[in-house]
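Student: Provided herewith is a single structure, encoded as structure tokens, for subsequent inquiry.
The values are calculated or read from the model by the stated rules, or taken from the named source; none is laboratory data. This is a predicted model, so every value here is computed, not measured. As a convention, Cβ positions derive from the backbone with ideal geometry for all residues, glycine included, and neighbour counts pool all protein chains shown. When the accessible area is computed, the model is the full protein with side chains, heavy atoms only, and any ligands, DNA or RNA have been set aside. Shrake-Rupley method; radii C 1.70, N 1.55, O 1.52, S 1.80 Å.
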Amino acid sequence: MISNQILQSTVDGFREIVHAELAVCDSDGKVLSATEGMRHVSENAVQGFAASELTHQASSGMQFYKVCDEFEPEYIVAVDGESDERAMAARLFAFQLQGLVVAYKEKIDKDNFIKNLLLDNLLLVDIYNRAKKLHIDVNARRAVFTVETGGSESSVHEAIKAVFAGRPMDFVTTVDENNIVIIKEVKSAEDGYAELAQCAEEVRNAILQAGGKARIAYGTIIGEIREVSRSYKEAKLALDVGKIFYESSSIVAYNNLGIGRLIYQLPMNLCRMFIREIFDGKSPEEFDEETLATIRQFFENNLNVSETSRKLFIHRNTLVYRLDKLQKMTGLDLRVFDDAITFKIALMVVEYMEYMEKNDY
């Protein structure tokens, strides 16, 4: 059903044009919206007209018109006066309201279709039949974004919707109070992922301007509408993985997750076994802050000793001493590529374990 706010706005606008008092009622005779002079309409008169087979009736000093949905009265339009001029006004308003009912229903149907599509709740034949009925291109290239707003104010939601206003082939819906899902049509045939990255930036900037914060993730580009749920699952996975391994990034792409995506799918018992083997019962948590800072900087500078010592403002020999000390503790020499890879993966596994334990997974 159309919101009372929209109905009242439509009623007020129409009155300014035709200069007639009018009201919109439900089939039980309850006034949903009305001009000042039509706040009280006879419920019995409306109920009697709604129960009849007539589509138009002039009685009790008013013109009544039915607005139907699936051949059932959805609204009753009442216009003050029994003249031909008032009858024309009632008919025009009923026609306008009928258009709103159809448009609003299509919008609701599209939203329900999109939600069921995301959640993989539709049979394949239903996907194509309903998409055709709703005039949705089944072969357009698309990708799914998920935006975790953390229950932000409605202004953030409206800001996101505003980004996609005027883009009928893009869809914005909500799956719960904390997440907004966007299905975006990808127009670029050659550089679609650059287009997605730019779109993510637009959404982030809109959220920031609205005074909110959010994490944004998106899945891979799909070529058929039936694959939308796959891109959605990828976006959700990217959002979860991003919280663990890319905490400082507010935008995460599924195709850029790298090894983090593999680690996220490891069972906890296997992770514990791996850490015991690598660190011989120790934990990176036992390393002092100086050692951890050295490790992070060494990896950020691609295992370059000179560049790392410069960034840490220490002598090269001091860095070498720290690396030697770490080798004695763990048996891994970060200057050796294979050992560095093993150590990096081990640190990521520890991050994963800490996150899972913290969130009681």
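Student: On full extension of the chain, what length is gained from Ala140 through Val336, given 0.36 nm per residue of separation minus the C-alpha to C-alpha distance?
Tutor: Going from the current span to full extension adds 65.8 nm.
Student: Going through the cross-link list Lys110/Lys133; Lys213/Lys358; Lys30/Lys66; Lys213/Lys236, which pairs have a Cα-Cα distance over 20 Å in this structure?
Tutor: Lys213/Lys358
Student: Compute the accessible area per residue over region 109-239, keeping the other protein chains in place, probe 1.4 Å, unit Å².
Tutor: Per-residue accessible area for region 109-239 comes out at 49 Å².
Student: Shape of region 42-163 from its Cα gyration tensor (a ≥ b ≥ c, root eigenvalues): rounded if a/c is under 1.5, otherwise prolate when a/b > b/c, or oblate?
Tutor: The shape class here is prolate.
Student: What order do Phe274, Phe145 take when sorted by accessible area (1.4 Å probe), most exposed first?
Tutor: Phe274, Phe145
Student: A follow-up question, please. Classify region 231-310 as rounded, prolate or oblate, taking a ≥ b ≥ c as the square roots of the eigenvalues of its Cα gyration tensor: rounded when a/c is under 1.5, otherwise prolate if a/b is larger than b/c and oblate if not.
Tutor: On the way: a/c = 2.56, a/b = 1.31, b/c = 1.96.
Taking the square roots of the gyration eigenvalues as a ≥ b ≥ c, region 231-310 is oblate.
Student: Something else: On a 0 to 90 degree scale, rounded to 10, what angle separates helix 337-358 from the longest Cα axis of the chain?
Tutor: Tilt relative to the chain: about 50 degrees.
Student: What nm value, rounded to one decimal, do you get for the distance between Ser248 and Met268 when each label is placed 7 Å out toward the C-beta?
Tutor: 2.9
Student: Top to bottom by accessible area (1.4 Å), largest first, where do Asp170, Asp338 land? List each step's numbers first, then the result.
Tutor: Details: Asp170 20, Asp338 105 Å².
Per-residue accessible area, sorted high to low, gives Asp338, Asp170.
Student: With springs only between Cα atoms under 10 Å, which of Ile244, Ile160, Ile259 fluctuates most in a Gaussian network model of the chain?
Tutor: Of the options given, Ile259 has the highest mean-square fluctuation.
Student: In whole percent, how big is the carbon plus sulfur part of the accessible area of the chain, probe 1.4 Å, protein atoms only?
Tutor: Heavy-atom surface of the chain belonging to carbon and sulfur, 1.4 Å probe: 50 percent.
Student: Another question about this same structure. In percent, what relative contact order does the chain have, based on Cα pairs under 8 Å that are 6 or more apart in sequence? Kindly include the intermediate steps, with their values, before the conclusion.
Tutor: Values: 492 pairs, mean separation 36.3, N = 361.
10 percent.
Student: Of Tyr104, Thr146, Ala78, which is farthest on the positive side of the dipole of the chain, counting Cα position, with +1 on Lys and Arg Cβ, -1 on Asp and Glu Cβ, and the Cα centre as origin?
Tutor: Of the options given, the answer is Thr146.
Student: Oh, and also: For Met169 and Val125, compute 0.36 nm times the residue count separating them, minus their Cα-Cα distance, and round to one decimal in nm.
Tutor: Using 0.36 nm per residue and subtracting the Cα-Cα distance, I get 13.7 nm.
Student: Right, something else. Using alpha carbons only, how many degrees (0 to 90, rounded to 10) separate the axis of helix 124-133 from the longest principal axis of the chain?
Tutor: Approximately 50 degrees, to the nearest ten.
Student: Out of all DSSP beta bridges in the chain, what portion is antiparallel? Express it as a percent rounded to 5. Write out the running numbers ahead of the final one.
Tutor: Working: 36 of 39 bridges.
Just about 90 percent of them are antiparallel.
Student: Taking only protein heavy atoms and a 1.4 Å probe, what accessible area per residue, in Å², does region 270-333 have with all protein chains in place?
Tutor: Solvent-accessible surface per residue comes out at 64 Å².
Student: Which order do the peptides 2-13, 230-241 take when ranked by the mean count of other beta-carbon atoms within 10 Å per residue, highest first?
Tutor: In decreasing order of mean packing, 2-13, 230-241 become 230-241, 2-13.
Student: Treat each spin label as a single point 7 Å out from the Cα along the C-beta direction, and report the Thr318 to Leu292 distance in nm.
Tutor: 2.0
Student: Suppose a student asked you for the relative contact order of region 1-132, using Cα pairs under 8 Å spaced at least 6 residues apart; what percent would you report?
Tutor: Relative contact order for region 1-132 comes out at 19 percent.
Student: May I have the convex hull volume per residue, in Å³, for the Cα set of region 99-241?
Tutor: Working: hull volume 15.9 nm³, N = 143.
For region 99-241, the hull spanned by Cα atoms encloses 111 Å³ per residue.
Student: Computed over the Cα atoms of the chain, what is the convex hull's projected area averaged over all directions, in nm²?
Tutor: The directionally averaged projection comes out at 25.6 nm².
Student: Provide the FRET efficiency to the nearest 0.05 for the Ile108-Ser59 pair, computing r from the beta carbons and using R0 = 30 Å.
Tutor: Computed FRET efficiency for Ile108 and Ser59: 0.35.
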